[in-house]
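The values are calculated or read from the model by the stated rules, or taken from the named source; none is laboratory data. Everything quoted here is computed from the prediction, not taken from an experiment. Here the Cβ positions follow ideal geometry from the backbone for every residue, glycine too, while neighbour counts run over all protein chains shown.
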Amino acid sequence: MLVESKKVEEMNYFELLAWLGIGSSHPGGFRATQQNLDYMQVKSEEYVLDAGCGSGLTACHLAKTIGCKIIGVDINPQMIEKACLRAEKEGVSHLVEFRLADVNNLPFADNHFDLVIAESILVFLDKVKVYQEFYRVLKPEGRVADLEMVLLAELPANLRMQMEACFGSGTNPLPVEEWLNALTQAGFQDVVIKNPQRMKNNGNVILNELKKDWVLIKGLTEKAANFPGLITRLQKNAGFMKRNRGYFGFGLICGRKPTPPPSPEKVGFKDWVLQVLHWK
Ligand SMILES: C[S@@+](CC[C@H](N)C(=O)[O-])C[C@H]1O[C@@H](n2cnc3c(N)ncnc32)[C@H](O)[C@@H]1O
């Protein structure tokens with residue numbers, strides 16, 4: 001069934017986001033993206049992957065402000081369509097490319113990117129598996145920076161059910177230590193959380209971001225009028241986060257792919273074996 005012909009109530013969370021074309025559907029919204037980019041200090045010569053790029057707001061912003069080359073991938077065709085439109089309208093199509101792809105199985109060679117960024121996608125997926133895929137496509141010394149929702153206290157079973165009803169089954173924010181462990185398990189070093197924050201009492205990111213983004217504003221009034229379930233659905237998600245915000249925070253989970261050990265000819269066979277044993 002075409003997403004357009006589905007009722008709002010029947011759309012899963014990703015279909016809803018894609019149908020709206022929302023640009024910053026992650027905790028903290030675009031403000032958090034800007035804080036994180038300030039920390040990351042992306043360079044113009046770096047080649048960047050935005051994994052789960054949605055409608056491409058962050059990727060296009062990076063291309064416009066830094067001038068780096070960037071590829072955004074998303075599993076939802078409607079998101080990719082909107083991201084391409086955004087890149088064209090914002091005049092950055094020569095720097096940004098958007099492709100339909102699954103982050104579990106990225107269509108890129110090993111050691112390809114300098115930086116992988118992700119914003120609120122691993123919370124829905126198998127963390128170690130996807131981080132291992134990021135590790136594979138990153139060059140040695142390449143960085144990963146992933147903005148994710150963090151659990152601040154154990155979530156009672158009834159609230160977990162409500163959370164999954166809002167954001168999809170399998171939605172699983174982790175405590176900070178577990179996020180960092182997942183990145184370490186995938187082989188990353190220098191693993192830290194940056195810009196940790198508590199969820200603010202500003203309702204739903206979706207509702208807030210809706211007001212700002214041109215991709216959304218276009219057609220939104222029409223959508224709200226023609227799809228009476230839309231506002232109720234958005235309010236349901238906003239209400240859940242507002243009532244239970246004490247359980248949630250967010251932050252940038254960062255790590256670096258280590259440098260491989262030098263070849264045996266350079267260091268001598270015995271030292272090489274020792275280095276390989278200690279290298280991940
Ligand atoms: C909460 S949205 C965040 C989008 C964007 N990063 C942002 O911050 O606005 C999650 C995105 O991940 C995409 N996604 C979910 N599973 C994916 C997968 N396995 N591979 C690629 N993208 C995926 C969804 O289609 C959606 O666009």
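Note on the stretch 30-52: residues that are within 14 Å of the chain's Cα centre (by Cα) and touching a residue at least 60 places away in the same chain (Cβ under 8 Å) amount to 9. Can you find even one residue in the stretch 138-161 that is within 16 Å of the ligand (Cβ to nearest atom) and surrounded by fewer than 17 Cβ atoms within 10 Å (Cβ to Cβ)? Checked the stretch 138-161: no residue is within 16 Å of the ligand (Cβ to nearest atom) and surrounded by fewer than 17 Cβ atoms within 10 Å (Cβ to Cβ).
Among the residues of the stretch 164-172, not a single one is within 14 Å of the chain's Cα centre (by Cα), among the aromatic types (Phe, Trp, Tyr) and either part of a helix (DSSP H, G or I) or within 11 Å of residue 253 (Cβ to Cβ) (or both).
Looking at the stretch 34-59, which of the residues that are assigned to a loop (DSSP other than H, G, I, E, B) and in contact with a Lys or Arg (Cβ under 7 Å, 6 or more places away or on another chain) is farthest from the ligand (Cβ to nearest atom)? Step by step, filter the stretch 34-59, then rank; the result is 56.
For the stretch 29-39, indicate whether the set of residues that are crowded, with 19+ Cβ neighbours inside 10 Å and over 16 Å from residue 252 (Cα atoms) is non-empty. Scanning the stretch 29-39 turns up no residue that is crowded, with 19+ Cβ neighbours inside 10 Å and over 16 Å from residue 252 (Cα atoms).
The number of residues in the stretch 150-193 that are at pLDDT below 95 and under 19 Å from residue 32 (Cβ atoms) comes to 1. Does residue 62 count as within 23 Å of residue 127 (Cα to Cα) and assigned to a helix (DSSP H, G or I)? Spelling it out, it is not the case that residue 62 is within 23 Å of residue 127 (Cα to Cα) and assigned to a helix (DSSP H, G or I).
When residues in the stretch 199-236 are screened for being part of a loop (DSSP other than H, G, I, E, B) and either more than 14 Å from residue 30 (Cα to Cα) or at pLDDT 75 or above (or both), 8 of them pass.
If the Cβ limit is 6 Å and pairs must be 6+ apart or interchain, which residue in the stretch 78-95 that is touching a residue at least 60 places away in the same chain (Cβ under 8 Å) pairs with which residue that is within 16 Å of the ligand (Cβ to nearest atom) and outside any loop (DSSP other than H, G, I, E, B)? From residues that are touching a residue at least 60 places away in the same chain (Cβ under 8 Å), the pairs are 78/18; 79/18; 82/215; 86/60; 86/215. Evaluated against (1) modelled with pLDDT of 95 or more; (2) among the aliphatic types (A, V, I, L, M); (3) more than 9 Å from the ligand (Cβ to nearest atom), residue 75 falls short on exactly one condition, (3). Any residue that is in a loop (DSSP other than H, G, I, E, B), away from the ligand (no atom under 11 Å from the Cβ) and closer than 29 Å to residue 234 by Cβ - is there at least one of those in the stretch 11-25? Yes, the stretch 11-25 has at least one match.
So that you can scan it fast, the table gives a plain yes or no per residue for (1) within 15 Å of residue 69 (Cα to Cα); (2) surrounded by 14 or more Cβ atoms within 10 Å (Cβ to Cβ); (3) more than 15 Å from the ligand (Cβ to nearest atom):
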{"position": "102", "(1), (2), (3)": "no, yes, no"}
{"position": "107", "(1), (2), (3)": "no, no, no"}
{"position": "110", "(1), (2), (3)": "no, no, yes"}
{"position": "116", "(1), (2), (3)": "yes, yes, no"}
{"position": "122", "(1), (2), (3)": "no, yes, no"}
{"position": "127", "(1), (2), (3)": "no, yes, no"}
{"position": "132", "(1), (2), (3)": "no, yes, no"}
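For the stretch 60-69, a residue qualifies if it is within 13 Å of the ligand (Cβ to nearest atom) and either more than 14 Å from residue 213 (Cα to Cα) or crowded, with 23+ Cβ neighbours inside 10 Å (or both), and the qualifying residues are 60, 62.
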